[in-house]
1. Under 16 Å from the mean Cα position of the chain (by Cα), open to solvent by less than 80 Å² (accessible area, probe 1.4 Å) and free of Cβ contacts under 8 Å to residues at least 24 places away in the same chain: which single residue out of 53, 32 fits that description?
2. Among the numbered conditions (1) open to solvent by less than 10 Å² (accessible area, probe 1.4 Å); (2) over 16 Å from residue 110 (Cβ atoms); (3) aliphatic (A, V, I, L, M); (4) over 16 Å from the mean Cα position of the chain (by Cα), tell me where residue 10 comes up short.
3. Quick check on my filter: what residues within the range 56-67 are open to solvent by less than 50 Å² (accessible area, probe 1.4 Å), closer than 18 Å to residue 112 by Cβ and free of Cβ contacts under 8 Å to residues at least 60 places away in the same chain?
4. Among the helices (runs of 4 or more DSSP H) contained in the range 1-73, which hold 2 or more residues that are out of contact with any strand residue (DSSP E or B) (no Cβ under 6 Å at 6 or more places or on another chain) and among the acidic types (Asp, Glu)?
5. Please work out which one of (1) open to solvent by 30 Å² or more (accessible area, probe 1.4 Å); (2) within 20 Å of residue 27 (Cα to Cα) is the condition residue 138 fails and give its number.
6. For the range 146-184, name all the residues that are open to solvent by 70 Å² or more (accessible area, probe 1.4 Å), under 19 Å from the mean Cα position of the chain (by Cα) and among the acidic types (Asp, Glu).
7. Determine which member of the set 114, 157, 167, 161 is within 27 Å of residue 16 (Cα to Cα), touching a Gly at 6+ places or on another chain (Cβ under 7 Å) and not hydroxyl-bearing (Ser, Thr, Tyr).
Amino acid sequence: MTKANNFQRIRELNYLQKAVLASALIERMLPNYGLFSEATGFGEEATLRSALNVCWEKILLPKSKIDLEKQIEKVEPNVPELADFDMFGTYPAIDAATSLLSLMHGLIAQDEQEFISVSKISQATVARFIEYQMTVEGEVADNQAVREHPLMQYEIEVLGELIDFVEGMGRITSDNVKALKKQVLADGQTNIGLTL
């Protein structure tokens, strides 16, 4: 399945399906933040975890009086500044936090574009990680090499499977959200292949 095909398919999902897919992708990205936080002592993974849980709740209970603005205020100070850290892990941590903020802004403004950008950020995280690895190993990380890399192929495949799952969900219920979360973490790794 080609990348364009996946993004085309995402655009065809309805509002709630896009929100659920974005949340599922963040589930795969969040542990990257946790590993960064553990290594540097910066940020509270629990704050991001809690905000993501609130987003799931908001998706399941759209009428609920959940204050996402307050969640955004809590998450923003936890976004690392690239200049403050001299390690690659800063990038996936920023991407995870930024994706979460996109999801919350999308839910507040009912802006589907924010949900679509989460899948783009996830793929960009993988691409950057592959480029970093290849450069360290002295290989040339051009677009084609990155696209054909097993980790990128896997990211595209996982995204395709998640889209299939979301398309088949019908009504979004707590049961099928549970099943989706289970599937997202079934392979026991983050989007950049780190073991959970």
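1. Working: 32 fails: free of Cβ contacts under 8 Å to residues at least 24 places away in the same chain.
Going through 53, 32 in turn, the sole match is 53.
2. (4)
3. Result: 58, single match.
4. Values: elements: 3-12, 15-40, 45-60.
By residue number, 15-40, 45-60.
5. The single condition residue 138 does not satisfy is (2).
6. Within the range 146-184, 157, 161, 164, 167 meet the criteria.
7. Working: 157 fails: touching a Gly at 6+ places or on another chain (Cβ under 7 Å); 167 fails: touching a Gly at 6+ places or on another chain (Cβ under 7 Å); 161 fails: touching a Gly at 6+ places or on another chain (Cβ under 7 Å).
Step by step, each of 114, 157, 167, 161 is checked, and only 114 is within 27 Å of residue 16 (Cα to Cα), touching a Gly at 6+ places or on another chain (Cβ under 7 Å) and not hydroxyl-bearing (Ser, Thr, Tyr).
Listed here are the residues, each with its yes/no results for (1) at pLDDT 95 or above; (2) touching a helix residue (DSSP H, G or I) at 6+ places or on another chain (Cβ under 7 Å); (3) closer than 28 Å to residue 70 by Cα; (4) aliphatic (A, V, I, L, M).
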residue: 98; (1), (2), (3), (4): yes, yes, yes, no
residue: 104; (1), (2), (3), (4): yes, yes, yes, yes
residue: 121; (1), (2), (3), (4): yes, yes, yes, yes
residue: 125; (1), (2), (3), (4): yes, yes, yes, no
residue: 132; (1), (2), (3), (4): yes, no, no, no
residue: 154; (1), (2), (3), (4): yes, no, no, no
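The values are calculated or read from the model by the stated rules, or taken from the named source; none is laboratory data. Predicted model only: the values in this text are computed from it and were never measured. Backbone-built Cβ (ideal geometry, glycine too); neighbour counts: all protein chains shown. Areas reflect the complete protein model, heavy atoms only, side chains present, ligands, DNA and RNA absent. Shrake-Rupley method; radii C 1.70, N 1.55, O 1.52, S 1.80 Å.
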